[in-house]
Each structure stands twice: as structure tokens, then as C-alpha cells.
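**Student:** Here you go, one structure.
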Amino acid sequence: MNLCYNNYVKIVSTAFEGAAPELVLKTVFGYDEFRPLQKDIITNVLKGHDTLAIMPTGGGKSLCYQLPALILKGITVVVSPLISLMQDQVTSLETTGIHSAFLNSSLSWEEYCATVNDIKSGNVKIIYVSPEGLATAKIRELLSSPELKISCITIDEAHCVSQWGHDFRPDYLEIRSVRHLFPKAVMLALTATATEHVRQDICQNLGMKAPKVFISSFNRANIYLEVQPKRGAMETVINYIRKHAGDSGIIYCNSRKSVEEIAETLDKKGYSALPYHAGLSDEVRTKNQNLFIKDEVQIIVATIAFGMGINKPNVRYVINYDLPKSIEEYYQEIGRAGRDGLPASALLLYSPGDIHKNKFFIEDSADPEKAELLLKGMINFATSRTCRRKTLLAYFGELYDNNAECCCDICSAPAPELKDVTIPAQKFLCCIIRTNQRFGASYVTDVLLGSKAQRIIDNGHNKITTWGIGTEYSKQEWLELCDLLIDEHYIRKTGDYNVLELTDAGKKFVASRAALKLPMRTTMRAYSKSTTGTYNTNVRGEKIVAEKPAANDELAEKIINNLKAWRKRKADDLNIAPYMIFGDKTLLDLAAKKPKTRNDLLNIYGIGRVKAEEFGRSILQIIEEC
């Protein structure tokens, strides 16, 4: 509630009107100097010029309107998207002596009326409203009261006004009409993330007058960036939390179900964790958030809504359990770590399965084409083999200093060993040519592996010279090589279906047959071809010993359950008993050994060449996605 801050000493509302910014910075906020760009932004606002400021989370955006609010005559109206954000900001301002207020649905009618009277009395310097609230007649009527002067209109999280942004909100488009009610008020738009396209949208959709745009560096050098495969995800999360024992952390998920499941699992294992998502009541969300902010709970497991504008400086890590829908969303989320400037880390768990989940939701979005482009940017970051910081900054149009010390998993890892991939690369590029450069990586790989899929047979690609010549690699290894060839600019993806085509450099390589070495993580293995067209490494006839998973292997338990469900569906399709596909002993061995390639399957109890060929792809996909 706005009226519960009587224990704090209040600054007289007019005490610093016309004062020098440096004086207010030191006297009110207790800082000796401005952060980068803060002084320039504040000066521009004080001159009455519309301003767009792009500053990373933790870069000091709030000060850019809070300080001018004290110097300008009149009231600063701040449009903020979340009730929790408003409450947090008001609480913070009151502790510094700046009397502020919010008007939103969390207030009772009596509290609302008391706050309005307080505003009309001239004691309040900053008013927080939501974009929905700003559109209501009662708030517009209040702000238009003759006793009030609106000196500045600040739009926080301004990317929400752009349909190209990751969090577009139609209500933000109504802000422009308010500007006409207060033509003399200066407008300040603030956001942590905005590409060039989004910046143009912000200026246009808000009706800003010849705005000056300030863009701070997007580089949060104190955050270590890391991407890991989403295999045994819960085990990875728990190990990560152990490394950060005692630290505050946020785990982001794309669904409420995942939030609840992960929070419950962590709680059962003795970790201090609570959920946060839109399905919880306002009271529960507020309670959980406050417990986290006050360090009474160490971990919040949440959907994207959590954390926007929450100024908790000591979050030491952020885990993205699911793939974000865009680089902007990812950047916003990891930006909640290390706001105090101390070392922090961001872990992204990546699985190709997440791409399909996101694409499912894209179909229901307001603009699927834009959503698809945003997702592609995120996928490129997750799969990049070059410096993650360089890739991230490039997305926002910023060049990264190659001489700077980078904190990311790629740059901190030992230099990868270069391996001779001349022949496999020639095979892959030639297969793209033989299939007329009309297919994606998965299809080309299946042709190389000699797949008898109906689509390949229908296209006649089981008769071309590159069919079945690529058995020295598994499918995952071929896809890894494909990514490397893309990084080397030998091939590129085109169109909506990521069709592969050769670049000029790729064509030159095929013609010249020059040697090529690339940092493949895997090595080629010797395969012996069987009469059935499959390949078997267990050629010496070693005895295969069936294993059982460890008692505490939660990933194995999940693999077994998923394999049993798949086995039942497959058996129903074939009208046979489930055990005829695989017995339980085979499932236990699969869960214990967790094979990664078709070749590994041949070392599983009860799987021969025929079953590896018939069911291998499905089994490996199930294990990978667990």
C-alpha cells in the first residue's frame, strides 16, 4: 500500500527543483559519480528533449527518470507493466526519502482515494501506472487536474510497444494518445533490449518528437555465459545449484507445469525453492517474490513474468531450463543475475526438442513470421561454436572487442583439436548437390546414412551415388559437421525450412578437394557393414552385459518410463505385444548406459542390427530429450 512509509524521512517535493544533477546524485542517492550514459540521458531529459535509452539490466535505467523527477517542476508519470515492479520501485524510492505512489488494482477503494488526495496535495513527485490504467478515464482525469503539472512521461520496458519486441503488449500503443494531453511534457523511453527495428518502432509508436537515442553497451562482462545439452536436465540443474551453494538463483521455464515440477523436486531434495507463475494467486506470487527478495528463499523457479524490474542485486545465477523464444527474452532473463557487478553466471539448457515446442506455440502467435525470425536468432546463439558474447552482442548490432577477456564456455574451454574432415565434408557437400539443394540437414544426413524412409525412396534418392556412403559418422556427428560447415561459410540455410545450399566457398572446396580440418568433438570410428545395410562396431562378438541403473538415477527412471510409453504405442501400432519389441531387461540396460548414437545401441542387451535400424532413431531421441 502507498501509505505505509511513514517511518522514512520525506524529501520536500520542491527541495531539489532546479538543482544540479551531481548534487541530487550525491545527496539523495548517495553516489559520487554517474554510470556510463546516465549523465547524458539525464541532461537531455532536463533540456526537455524526448529521449530513448537502451541500457542493460543493472545499468541504472531507473535513475535516469528518478533524478530528473526531483529537479523538474511538477510530476513524473512512469508507465510500468507489472504491479510487482511498481511496488518494488515505490518501496525503494520511499527508503531514499522520495515520496512516490502507484495507482493499480492492488489498492482498495479507500487506499486509492487516499493516494489520489495525496497526489493532488502536491507531495508526490513520481506516479506509477500501468498502460491499462493510463488508458482509463479516471486516471487521465486525475492527471489532467488543474493543480497538477505533468513534466515527464517515462515508459519503462518500452520494448513492449513494438510488435518486433519479445513482449509486445497492445495496451502500450495507447500511450501515444496520452502524450497529446500533455504536449509540453518530455518523454523518456527505457528498455534493456532493442534491435534497430524495435528502436524505430518505439519512437514511432510512442509519437516521440525528434528523440535522441542513447545506446549503452549490451555487454554484461560479469556474467559467465554457458550452454549445455539438455540431457539429464534435472541432474544438471542440481549439480549447478550445488556449485552455487548458498547463492540466490532463478530458474526460468516456459510452462507452469515445469515450474511446479522443478520447484517440487528441489524442495523434496532439501533446497530452498519456490514457484512463481501466472497460475498462482496474486497473494502467493507476492509472498514468494518477497521471500526471495529478502533472501529468505534462495531459488525461484519461474515463468518469464518473474523478475521484470525487480532490483535484487545479489542473484548469482540464472538457469534457462527451456529455450527462450528470442534473444531479447534471453537477455532480459540473464540480466537479472549479477546486477551488483559481481561475478554471476547464466546457464542455458538446449535441446532440439525445445525448438519444436516453441514452433508449436509460434503457430498460435499474433505474427508467426516475426516469432519464427526471433526464434531463429535464439537457435543460432544456442548452437553457435564461436564466442557466445560476440554472438549475443552482434544480434544487437554491437561489435565485441576480440582483445577483451571473455567469460563464456567456448572461450574458456581449451582450444579444440582440429581433425581432418576432408572426405566427410566432401561427401556432405556432394550429397547436398545430388539432392538438388532442396532439403535440410536431417534429410541430407539420412541419405548419407542409407535410410530407407519412404520420402527418400519416393524422391529416388536411394539410387543416387551419395546414398549410404556416410556410415563413418552417426546422425548427430553429421549434424555437428553440418554446423561447422555453416560456421566456415561453406553452406548456408535458406528459406522457412532451413534448406541447405552451397556458398561460393563450398563450391570451390568441392572442386579443389583441398584438405579441411575442423574442431569436431567426435572422432570417426571403424564400422563393419552387415548384409542388412546396418553397421556394427561389436564385430569381435564381445559378450554384452546388461546393466541396471543406480538406485538414485532419476534420469534413468524418466528414460524407462518414456521408453515404456513409446514401446506400448509402437506395439499397438504393430498389433503385437510390447515385450516383442524390447523386454524390460533391454529398457533397464538402455537407461543405465544411455546410448547416444546408433552404433552405441549395438552394445545394448537385446538390440541387434535389425532392431537398431528399425527403432534406433526413436530410442535415441527419447533418451536425448529426457
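**Student:** Could you say which residue among LEU93, LEU103 is in contact with a helix residue (DSSP H, G or I) (Cβ under 8 Å, 6 or more places away or on another chain) and either at pLDDT below 85 or surrounded by fewer than 22 Cβ atoms within 10 Å (Cβ to Cβ) (or both)?
**Tutor:** LEU93
**Student:** Identify the residue in region 563-586 that is modelled with pLDDT of 85 or more and buried (at least 17 other Cβ atoms within 10 Å of the Cβ) and, among all such residues, is nearest to GLU235 (Cα to Cα).
**Tutor:** LEU563
**Student:** Separate question: Given the residues THR154, THR191, which is the only one that is in contact (Cβ under 8 Å) with a residue 60 or more places away in the chain and under 24 Å from the mean Cα position of the chain (by Cα)?
**Tutor:** One residue alone meets the criteria, THR191.
**Student:** Quick check: is even one residue across region 421-438 free of Cβ contacts under 8 Å to residues at least 60 places away in the same chain, farther than 18 Å from ALA505 by Cα and of a type outside the set (Ser, Thr, Tyr)?
**Tutor:** Among the residues of region 421-438, not one is free of Cβ contacts under 8 Å to residues at least 60 places away in the same chain, farther than 18 Å from ALA505 by Cα and of a type outside the set (Ser, Thr, Tyr), which makes the answer no.
**Student:** Hey, can you tell me all the residues within region 142-172 that are open to solvent by 10 Å² or more (accessible area, probe 1.4 Å) and among the hydroxyl-bearing types (Ser, Thr, Tyr)?
**Tutor:** Correct list: SER144, SER145, SER151.
Here is a yes/no grid of residues against (1) free of Cβ contacts under 8 Å to residues at least 60 places away in the same chain; (2) among the β-branched types (Val, Ile, Thr):
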site	(1), (2)
TYR252	no, no
SER255	no, no
GLU264	yes, no
TYR271	yes, no
TYR276	yes, no
ILE293	no, yes
ILE327	no, yes
TYR331	no, no
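**Student:** Being under 18 Å from ALA53 (Cα atoms) and either open to solvent by less than 30 Å² (accessible area, probe 1.4 Å) or among the basic types (Lys, Arg) (or both) is the filter here, so list the residues in region 180-198 that pass it.
**Tutor:** ALA185, VAL186, MET187, LEU188, ALA189, LEU190, THR191, ALA192, THR193, ALA194, THR195, VAL198, listed by residue number.
**Student:** ILE175 is checked against (1) at pLDDT below 90; (2) surrounded by fewer than 20 Cβ atoms within 10 Å (Cβ to Cβ); (3) farther than 22 Å from ARG336 by Cα and fails just one. What number does that condition carry?
**Tutor:** (2)
**Student:** Against the condition open to solvent by 10 Å² or more (accessible area, probe 1.4 Å) and either over 36 Å from the mean Cα position of the chain (by Cα) or of a type outside the set (Val, Ile, Thr) (or both), how does PRO131 come out, does it pass?
**Tutor:** Judged against the criteria, PRO131 is not a match.
**Student:** Got a sec? Which of GLN476, GLN454, GLN426, GLN437 is at pLDDT 90 or above and closer than 27 Å to PHE615 by Cα?
**Tutor:** After applying the criteria, what remains is GLN454.
**Student:** While we're on this one: Given the residues ALA305, ALA278, ALA273, which is the only one that is modelled with pLDDT of 95 or more and either of a type outside the set (S, T, N, Q) or within 16 Å of the chain's Cα centre (by Cα) (or both)?
**Tutor:** Exactly one of ALA305, ALA278, ALA273 is modelled with pLDDT of 95 or more and either of a type outside the set (S, T, N, Q) or within 16 Å of the chain's Cα centre (by Cα) (or both), namely ALA273.
**Student:** Now for a separate question. Could you please give the count of residues in region 587-620 that are without any contact (Cβ under 8 Å) to a residue 24 or more places away in the chain and either closer than 14 Å to ILE559 by Cβ or open to solvent by 10 Å² or more (accessible area, probe 1.4 Å) (or both)?
**Tutor:** The number of residues fulfilling the criteria is 4.
**Student:** Sticking with this one: Just for region 1-22: of the residues that are modelled with pLDDT of 85 or more and not in a helix (DSSP H, G or I), which one is nearest to GLU94 (Cα to Cα)?
**Tutor:** So the residue we want is PHE16.
**Student:** For region 451-494, give me each residue that is in contact with a strand residue (DSSP E or B) (Cβ under 8 Å, 6 or more places away or on another chain), more than 26 Å from GLU624 (Cβ to Cβ) and in contact (Cβ under 8 Å) with a residue 24 or more places away in the chain.
**Tutor:** Correct list: TYR490 only.
**Student:** Take region 202-219 and flag every residue that is open to solvent by 30 Å² or more (accessible area, probe 1.4 Å) and either of a type in the set (Ser, Thr, Tyr) or touching a residue at least 24 places away in the same chain (Cβ under 8 Å) (or both).
**Tutor:** Passing the criteria: ASN205, LYS209, ALA210, PRO211, LYS212, VAL213, ILE215, SER217, ASN219.
**Student:** Only one of PRO21, PRO36, PRO56, PRO68 is in contact (Cβ under 8 Å) with a residue 24 or more places away in the chain and buried (at least 24 other Cβ atoms within 10 Å of the Cβ). Can you tell me which?
**Tutor:** PRO68
**Student:** Can you pull out every residue in region 481-503 that is modelled with pLDDT of 85 or more and among the charged types (D, E, K, R)?
**Tutor:** GLU488, ARG492, LYS493, GLU501
**Student:** Does at least one position in region 394-409 carry a residue that is out of contact with any strand residue (DSSP E or B) (no Cβ under 9 Å at 6 or more places or on another chain), under 20 Å from ILE486 (Cβ atoms), free of Cβ contacts under 8 Å to residues at least 24 places away in the same chain and not in a loop (DSSP other than H, G, I, E, B)?
**Tutor:** Yes, region 394-409 contains a residue that is out of contact with any strand residue (DSSP E or B) (no Cβ under 9 Å at 6 or more places or on another chain), under 20 Å from ILE486 (Cβ atoms), free of Cβ contacts under 8 Å to residues at least 24 places away in the same chain and not in a loop (DSSP other than H, G, I, E, B).
**Student:** Quick one: count up the residues across region 313-326 that are open to solvent by less than 10 Å² (accessible area, probe 1.4 Å) and either at pLDDT 90 or above or touching a strand residue (DSSP E or B) at 6+ places or on another chain (Cβ under 8 Å) (or both).
**Tutor:** Result for region 313-326: 7.
**Student:** Would you mind finding the one in ARG336, ARG316 that is within 19 Å of the chain's Cα centre (by Cα), in a loop (DSSP other than H, G, I, E, B) and of a type outside the set (Val, Ile, Thr)?
**Tutor:** Exactly one of ARG336, ARG316 is within 19 Å of the chain's Cα centre (by Cα), in a loop (DSSP other than H, G, I, E, B) and of a type outside the set (Val, Ile, Thr), namely ARG336.
**Student:** Which residues, taken from region 109-128, are over 37 Å from the mean Cα position of the chain (by Cα) and assigned to a loop (DSSP other than H, G, I, E, B)?
**Tutor:** SER121, GLY122, ASN123, VAL124
The values are calculated or read from the model by the stated rules, or taken from the named source; none is laboratory data. None of the values given here were measured: they were computed from a predicted structure. Glycine also receives a Cβ, built like all others from the backbone with ideal geometry; neighbour counts cover every protein chain displayed. With ligands, DNA and RNA removed, areas are computed over all heavy atoms of the protein, side chains included. Shrake-Rupley method; radii C 1.70, N 1.55, O 1.52, S 1.80 Å.
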